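**Q** Supplied in structure tokens, the structure appears directly below.
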Amino acid sequence: MARVALVTGGSRGIGAAISKALKQAGHTVAATYAGNDDAARAFTEETGIQTYKWSVADYDACAAGIRRIEEELGPIDILVNNAGITRDAMFHKMTPQQWKEVIDTNLTGLFNMTHPVWSGMRDRKYGRIVNISSINGQKGQAGQANYSAAKAGDLGFTKALAQEGARAGITVNAICPGYIGTEMVRAIDEKVLNERIIPQIPVGRLGEPEEIARCVVFLASEDAGFITGSTISANGGQFVV
């Protein structure tokens, strides 16, 4: 059944692949973005998927943006919390601002986006929420105390909310990507990629954004109604839970 899906950070990288895959699966898709107007415009021109600009760190902006999307497209039944940022630094050099920005976007952003759609999903007795966490939320990563803490928090949020939504027909699941061949990752020095990163991945390659997108499409489907509170680790075997 075709539904309305909202993907945060949905115009670039993994988010763009998720938006495209959900549209291909027959859903009406809206994608949010925070700052890159040119990329969002190009994405809409390429895909026909409408984009909306706001920061997921701002609750009022999220609530207003969601109201607008539901007025224009209909009730949101699928929410993919994908938006995220990094502000990497070794902990002894990390500033309170670097900590706050990452927590506000990568963790509080899940509350800000999910809270405004939750009541409607409960009333309709249907919802699919997919939270994009990270391998570094599972295993930690030096230089990413802020990011790892936020992404680990995403998993706790997923497990708790899944228990609340289960009897209302709402599933809440998470995906933890490993190293995915996005523009950002492929910009890493080739020597670093080939000598330090890829050798850690048992399958011997980076993942592709479309591989994460296919996981989302399944979890967002009606076929996945018995799966909730779960985490898919899509990391090529780099970290086995």
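**Q** Check whether at least one residue in region 46-64 is in contact (Cβ under 8 Å) with a residue 24 or more places away in the chain, β-branched (Val, Ile, Thr), over 22 Å from residue 155 (Cβ atoms) and in contact with an Asp or Glu (Cβ under 8 Å, 6 or more places away or on another chain), and report yes or no.
**A** Scanning region 46-64 turns up no residue that is in contact (Cβ under 8 Å) with a residue 24 or more places away in the chain, β-branched (Val, Ile, Thr), over 22 Å from residue 155 (Cβ atoms) and in contact with an Asp or Glu (Cβ under 8 Å, 6 or more places away or on another chain).
**Q** Select from region 82-133 the residues that are of a type in the set (Ser, Thr, Tyr), touching a Gly at 6+ places or on another chain (Cβ under 8 Å) and under 30 Å from residue 167 (Cβ atoms) and list them in ascending order.
**A** Keep residues of region 82-133 that are of a type in the set (Ser, Thr, Tyr), which gives 86, 95, 105, 108, 114, 119, 126, 133.
This time we only want the ones that are touching a Gly at 6+ places or on another chain (Cβ under 8 Å), so: 105, 126.
Matches in region 82-133: 126 only.
**Q** Out of 120, 74, 84, I need the residue that is under 29 Å from residue 180 (Cα atoms) and either surrounded by fewer than 17 Cβ atoms within 10 Å (Cβ to Cβ) or modelled with pLDDT of 95 or more (or both). Which one?
**A** Criteria check complete, one pass: 84.
**Q** Determine, yes or no, whether residue 142 is under 13 Å from residue 230 (Cα atoms) and either touching a strand residue (DSSP E or B) at 6+ places or on another chain (Cβ under 9 Å) or in a loop (DSSP other than H, G, I, E, B) (or both). So that I can check it myself, show each step before the final result.
**A** Values: under 13 Å from residue 230 (Cα atoms): no; either touching a strand residue (DSSP E or B) at 6+ places or on another chain (Cβ under 9 Å) or in a loop (DSSP other than H, G, I, E, B) (or both): yes.
So residue 142 fails the test.
**Q** Also: Could you grab me the full set of residues in region 165-211 that are under 30 Å from residue 123 (Cβ atoms) and assigned to a loop (DSSP other than H, G, I, E, B)?
**A** The answer is 169, and nothing else.
**Q** Please list, ordered by first then second residue, the pairs with beta carbon atoms under 6 Å, 6 or more apart or interchain, first in region 108-137 and in contact (Cβ under 8 Å) with a residue 40 or more places away in the chain and within 21 Å of residue 235 (Cβ to Cβ), second in a helix (DSSP H, G or I) and polar (S, T, N, Q).
**A** 131/158
**Q** State all residues of region 226-241 that are aliphatic (A, V, I, L, M) and in contact (Cβ under 8 Å) with a residue 24 or more places away in the chain; if no residue qualifies, say none.
**A** Filtering region 226-241 for residues aliphatic (A, V, I, L, M) gives 227, 232, 234, 240-241.
Correct list: 227, 232, 234, 241.
**Q** May I ask you to list the residues in region 102-142 that are hydroxyl-bearing (Ser, Thr, Tyr) and more than 14 Å from the chain's Cα centre (by Cα)?
**A** Correct list: 119, 126.
**Q** Kindly indicate which of 207, 237 is over 15 Å from the mean Cα position of the chain (by Cα) and buried (at least 16 other Cβ atoms within 10 Å of the Cβ).
**A** 207
The values are calculated or read from the model by the stated rules, or taken from the named source; none is laboratory data. Bear in mind that the values here come from a model prediction, so they are computed numbers and not experimental data. A quick note on method: Cβ atoms are made from the backbone with ideal geometry, for glycine too, and the neighbour counts reach across all protein chains shown.
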